[in-house]
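J.: Below: one structure in structure tokens.
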Amino acid sequence: MKIDRRTLLAGLAATPALAAAPGLAQAAPAPFLPSDIGRLKRVLMHSIAASDRGGDRLDGNLLPFAEADMAVMVEQQAGLVKLIRASGAEVVEVKDALATAIAATRKSGIFAAWLEASFPLIAADPDSVTADTILGRDPRFQHRIGSDGNWRHFADDNNGSMMWTRDSAIMTPAGLVMGRSVSLRRRRENHLLRFCYAHSPLLARYPVIFDAMEEGIGLEGGDFTVVDRNTIFLGNGNRTDPRISPLLAQRLNMDVLAVQTVKRDFIRPARMGSAAPMLELQLLLLHFDTYFTLVAPRHALTVPYLLEKEFAETNPLARYIRGARAQNLLEEDEAEKGLTMLKEFGKVTLYRAGTGKREDLGDAKLVDHLKAQGYRFTWVGGARPTGDQAAYQAFMERAYPELRRQASNIVQATPGRVIAYAGNPATKAALEADGIAVDTFPARELWAWHGGPHCLTQPLERA
């Protein structure tokens, strides 16, 4: 079928048209998501399968990664899905959204055009391509050798990172914000979800009100928290570009409180073979939701010390780095980079709704700023003891290991109750002591991939 340019563009990037369509925007219920807490009504998830191990042409490894026990991962992720459904929320699967989007666009030729642009190696026979084909689950394209007798790449296994659906897009009170991953490998997820939101009947009710792909600027959903109808918290500098904060404030007409992870003017795309200084520290604090999540109105679960100005140079991680450097266990320049990051980590800047005007908040870090707003905090690892030695020991023995196990990365399905990974007893006890019930599920194979329940869910609607 011959397609004109307008139809082709609609297939490849139809979300701006959806956002601009007044009939759709007016008919859709609002607000879709008044806050990142509250009763969850509908959520987008991607359930992995035991066969998801096809390899990825952009991972840059000499040999395919095969360390994960996929059968156990499938079982553990299913535990989260079960808890969410038990809360009464509807779970929409990415595979179903993709399948219905394909069905809706196959006859018109839009699907064939999108497939040719996005997945050209499997586009020769578009009528035979299914959602499983695109997701790398089609046995016709798995582990194939070519005419030269060597491996021939056809389709990427998109599932390993696709399960972290929070990063691809974020719902707000007025509609959807499409993300744009800094990782070229993960950017395929943005393209795929963009197609689903444009064409799947399962997702048709949600207008796209901001598209980071069109803006050409990095945004990952793990850095994005909807506080209320007027306010966003946005981590930046590690996986989200700092320049996006004023744009979001203008377009969404919401105050954006930008929280610095690493001080940068902008973020370059990650490339194969590129150096990764401070990798462990940046993975520990990968996204905003790896160190801060809301559990109730003006009540947050967060890492102790790092987000307070008082401990900018005396927090336990800074004490560890300086000690390791003094004992020649760390390179001097890498130690200095880590100490500089920690000193400035958590500094906040406010961008005003509508104008995007920057409001300097001085040297305040996030916890300092929120304390003045009447927030209370539950600390990862539990209560903080007094005295330098006791505080350092408690952090390294409880808070640090549980932070690595994604203790702060939780999701709420019903008010007063959160879902968390099992294996973080100190944080669980601290939440319960502060009046928050905690449902847990085993997740050893999941937390090792630097994400938690918050990352595994893309809420679409909350009460």
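The values are calculated or read from the model by the stated rules, or taken from the named source; none is laboratory data. What you see is a predicted model; the values in this text were computed from it and never measured. For neighbour counting, all protein chains shown are included, and Cβ atoms are generated from backbone atoms with ideal geometry for every residue, glycine included.
J.: Of all the residues that make up the range 409-429, how many are in a helix (DSSP H, G or I), free of Cβ contacts under 8 Å to residues at least 60 places away in the same chain and surrounded by 24 or more Cβ atoms within 10 Å (Cβ to Cβ)? It would help to see each step written out before you state the result.
T.: First, pick out the residues of the range 409-429 that are in a helix (DSSP H, G or I): 425-429.
From what is left, the residues that are free of Cβ contacts under 8 Å to residues at least 60 places away in the same chain are 425-426, 428-429.
From what's left, surrounded by 24 or more Cβ atoms within 10 Å (Cβ to Cβ): none.
Residues meeting the conditions: 0.
J.: State yes or no: is residue 238 in contact with a helix residue (DSSP H, G or I) (Cβ under 6 Å, 6 or more places away or on another chain), part of a loop (DSSP other than H, G, I, E, B) and either surrounded by 23 or more Cβ atoms within 10 Å (Cβ to Cβ) or free of Cβ contacts under 8 Å to residues at least 60 places away in the same chain (or both)? Walk me through it before giving the result.
T.: Working: in contact with a helix residue (DSSP H, G or I) (Cβ under 6 Å, 6 or more places away or on another chain): yes; part of a loop (DSSP other than H, G, I, E, B): yes; either surrounded by 23 or more Cβ atoms within 10 Å (Cβ to Cβ) or free of Cβ contacts under 8 Å to residues at least 60 places away in the same chain (or both): yes.
Yes: the conditions hold for residue 238.
J.: Moving on to the next point. For the range 123-140, which positions are in contact with a helix residue (DSSP H, G or I) (Cβ under 7 Å, 6 or more places away or on another chain) and in a helix (DSSP H, G or I)?
T.: 126, 131, 133, 134 - these are the residues of the range 123-140 that are in contact with a helix residue (DSSP H, G or I) (Cβ under 7 Å, 6 or more places away or on another chain) and in a helix (DSSP H, G or I).
J.: Something else now. Taking residue 268 as meeting all but one of (1) in a strand (DSSP E or B); (2) at pLDDT below 90, write down the number of the exception.
T.: Condition not satisfied by residue 268: (1).
J.: Filter the range 350-372 down to the residues that are within 18 Å of residue 291 (Cα to Cα) and either among the hydroxyl-bearing types (Ser, Thr, Tyr) or part of a strand (DSSP E or B) (or both) and list them by number. Walk me through it before giving the result.
T.: Step one: of the range 350-372, the residues within 18 Å of residue 291 (Cα to Cα) are 364-371.
Across the range 350-372, the qualifying residues are 364, 365.
J.: Determine whether the range 334-344 contains at least one residue that is among the hydrophobic types (A, V, I, L, M, F, W, C) and outside any helix (DSSP H, G or I). Talk me through it step by step, then tell me what you get.
T.: First, the residues of the range 334-344 that are among the hydrophobic types (A, V, I, L, M, F, W, C): 335, 339, 341-342.
Still in the running and outside any helix (DSSP H, G or I): none.
For the range 334-344, residues among the hydrophobic types (A, V, I, L, M, F, W, C) and outside any helix (DSSP H, G or I): absent.
J.: Now, a different point. Within the range 143-158, is even one residue of a type in the set (Lys, Arg) and out of contact with any strand residue (DSSP E or B) (no Cβ under 7 Å at 6 or more places or on another chain)? It would help to see each step written out before you state the result.
T.: Just the residues of the range 143-158 that are of a type in the set (Lys, Arg), to begin with: 144, 152.
So of that shortlist, the ones also out of contact with any strand residue (DSSP E or B) (no Cβ under 7 Å at 6 or more places or on another chain) come out as 144.
Taking every residue of the range 143-158 in turn, at least one turns out to be of a type in the set (Lys, Arg) and out of contact with any strand residue (DSSP E or B) (no Cβ under 7 Å at 6 or more places or on another chain).
J.: OK, next. Would you call residue 284 out of contact with any strand residue (DSSP E or B) (no Cβ under 8 Å at 6 or more places or on another chain), within 14 Å of residue 346 (Cβ to Cβ) and either hydroxyl-bearing (Ser, Thr, Tyr) or at pLDDT below 95 (or both)?
T.: On the way: out of contact with any strand residue (DSSP E or B) (no Cβ under 8 Å at 6 or more places or on another chain): yes; within 14 Å of residue 346 (Cβ to Cβ): yes; either hydroxyl-bearing (Ser, Thr, Tyr) or at pLDDT below 95 (or both): yes.
Yes, satisfied.
J.: Scan the range 100-155 residue by residue and report those that are of a type in the set (Asp, Glu) and exposed (fewer than 12 other Cβ atoms within 10 Å of the Cβ). Talk me through it step by step, then tell me what you get.
T.: The first filter runs over the range 100-155 and keeps only residues of a type in the set (Asp, Glu), leaving 116, 125, 127, 132, 138, 148.
Correct list: 125, 127, 148.
J.: Taking the range 343-369 as the search range and keeping residues that are within 12 Å of residue 260 (Cα to Cα) and acidic (Asp, Glu), which one is surrounded by the most Cβ atoms within 10 Å (Cβ to Cβ)?
T.: Out of the qualifying residues, it is 344.
J.: Please verify whether residue 385 is modelled with pLDDT of 95 or more, over 21 Å from residue 86 (Cα atoms) and surrounded by fewer than 21 Cβ atoms within 10 Å (Cβ to Cβ), treating the condition exactly as stated.
T.: Numbers: modelled with pLDDT of 95 or more: yes; over 21 Å from residue 86 (Cα atoms): yes; surrounded by fewer than 21 Cβ atoms within 10 Å (Cβ to Cβ): yes.
Yes; evaluated as a whole, the condition is true for this residue.
J.: To continue, here is another question. Does residue 286 satisfy the criteria of being touching a residue at least 40 places away in the same chain (Cβ under 8 Å) and within 16 Å of the chain's Cα centre (by Cα)?
T.: Yes; evaluated as a whole, the condition is true for this residue.
J.: If a residue must be at pLDDT below 90 and in a loop (DSSP other than H, G, I, E, B), how many such residues does the range 175-194 contain?
T.: The total comes to 4.
J.: Considering only the range 209-224, I want to know if a residue exists there that is crowded, with 24+ Cβ neighbours inside 10 Å, charged (D, E, K, R) and in a loop (DSSP other than H, G, I, E, B).
T.: Yes - at least one qualifying residue is present in the range 209-224.
J.: With the requirement that a residue be out of contact with any strand residue (DSSP E or B) (no Cβ under 6 Å at 6 or more places or on another chain), among the polar types (S, T, N, Q) and touching a residue at least 12 places away in the same chain (Cβ under 8 Å), what does the range 358-387 give you?
T.: Selection gives 373 alone.
J.: When the residues of the range 200-216 are filtered to those that are modelled with pLDDT under 95 and among the aliphatic types (A, V, I, L, M), which remaining residue is nearest to residue 189 (Cα to Cα)?
T.: Among those that are modelled with pLDDT under 95 and among the aliphatic types (A, V, I, L, M), it is 213.
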